[in-house]
Amino acid sequence: MIAIVDYGLGNLMSILYALERLGQEAIITSSREEISSADGIILPGVGAFRRGMENLNRTNLTAVLKESAKDNKPILGICLGMQLLFTRSSEHGRSNGLNIIPGRVEKFGAGLKVPHMGWNQIHKTRPSSLLAGIPEGSFFYFAHSYYPIPADAGVSVGVSEYGGQFASAVEVGRVFATQFHPERSGNLGLHVLENFCKICRKS
């Protein structure tokens, strides 16, 4: 069972449908008990970092996410969900994140159209169980104005170009994250989600 975290922001149903297409049992939940007992966790998200953290704190989900990461439970952050895994963000003033992955989240530079929306390539930087079987230079769907900067660049498993290079996929132990939306990225996106499901089944 994979728990899709419902904290009021995110493409919950599209992720659920994608997992169901893969034959994966999944639930949308804000229950700490269901999240804690799941084989894996997906933290989705669309919107602002500060509001995302406020919602996680208000629903008392911050602790269970940190504990799950410490317990080596597979976690996949998607878009805003990826950013929330980091230490802090400059969006709407400084806000603290989950600090599961050390680093910060910054806005794309002046002169770039934001949000960065549409299809862009992923260039793999090192072997990754999340991106296994994904061809180099594959296109995935993005929709974001901010991007993560890991404190350790080595956690990146994929990078993309938009006014410079940024981390578009990271892997730290059994914590994974993508700035792109696999649930909106066709068959290759399904393959990424299938890889995550396989990781969860090995738990």
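Trypsin sites (Lys or Arg not before Pro), restricted to segment 99-203: which are DSSP loop and have at most 14 other Cβ atoms within 10 Å?
Numbers: sites: Arg104, Lys107, Lys113, Lys124, Arg174, Arg184, Lys198, Arg201, Lys202; in loops: Lys113, Arg174, Lys202.
Qualifying residues, ordered by number: Lys113, Lys202.
Tell me, what is the per residue accessible area of segment 109-162 in Å², probe radius 1.4 Å? Mind showing how you got there, number by number?
On the way: 2600 Å² over 54 residues.
Accessible area per residue: 48 Å².
Only four residue types carry charge here, +1 at the Cβ of Lys and Arg and -1 at the Cβ of Asp and Glu. Report the dipole size of segment 1-132 about the Cα centre in Debye, rounded to the nearest 20. Each step should come with its number before you reach the end.
Details: 15 positive and 11 negative charges, 138 e Å.
Approximately 660 debye in magnitude.
First check a/c for segment 76-180, with a ≥ b ≥ c the square roots of the eigenvalues of its C-alpha gyration tensor; if it is under 1.5, answer rounded, and if not, answer prolate when a/b is larger than b/c or oblate otherwise.
Values: a/c = 1.90, a/b = 1.14, b/c = 1.67.
It comes out oblate by the Cα gyration axes.
Quantify, in whole percent, the carbon and sulfur part of the accessible surface of segment 15-60 (1.4 Å probe; protein heavy atoms only). Each step should come with its number before you reach the end.
Details: 930 of 2350 Å².
Ligands and nucleic acids excluded, carbon and sulfur give 40 percent.
Could you list which residues have their amide H under 5 Å from that of Ala26, counting only those 5 or more apart in sequence or on another chain, with H placed in the peptide plane?
Those lying under 5 Å, H to H, from Ala26 are Ile2.
With +1 on each Lys and Arg Cβ and -1 on each Asp and Glu Cβ, how big is the dipole of segment 49-203 about its Cα centre, in debye rounded to the nearest 20? Each step should come with its number before you reach the end.
Working: 18 positive and 11 negative charges, 66 e Å.
Once rounded to the nearest 20, the dipole reads 320 debye.
Report the paramagnetic label zone for His92: residues of segment 37-61 whose backbone N is under 14 Å from a point 7 Å from Cα along the Cα-to-Cβ axis.
The answer is 46-58, whose backbone nitrogens lie closer than 14 Å to the label point.
Which one, Phe86, Leu56, Pro44, is farthest towards the positive end of the dipole of the chain when Lys and Arg carry +1 and Asp and Glu -1 on their Cβ?
Of the options given, the answer is Phe86.
I want to check the label-to-label distance for Glu33 and Ala63. Put each point 7 Å from Cα in the C-beta direction and report it in nm to one decimal.
Going from the Glu33 label point to the Ala63 one covers 1.6 nm.
How much of the DSSP beta bridge set in the chain is antiparallel, as a percent to the nearest 5? Present the calculation step by step, with values, prior to reporting the outcome.
Details: 24 of 41 bridges.
Here the antiparallel bridges make up roughly 60 percent for the chain.
Any idea what log10 I(q)/I(0) is at q = 0.16, 0.23, 0.25 Å⁻¹ for segment 28-124, Debye with uniform C-alpha scatterers and no solvent?
-0.72, -1.27, -1.42
Counting other Cβ atoms within 10 Å of each Cβ, which GluC sites (Glu not before Pro) in segment 1-106 have at most 16 and sit in a DSSP loop?
Answer in residue order: Glu25.
Binning every alpha carbon pair distance of the chain at 10 Å from zero, what are the percents per bin?
Going from the shortest bin to the longest, the percentages are 9, 40, 39, 11, 0.
The values are calculated or read from the model by the stated rules, or taken from the named source; none is laboratory data. What you are looking at is a predicted structure, and each value in this text was computed from that prediction instead of being measured. Glycine also receives a Cβ, built like all others from the backbone with ideal geometry; neighbour counts cover every protein chain displayed. Accessible surface is based on the protein model in full, side chains and every heavy atom, while ligands, DNA and RNA are left aside. Shrake-Rupley method; radii C 1.70, N 1.55, O 1.52, S 1.80 Å.
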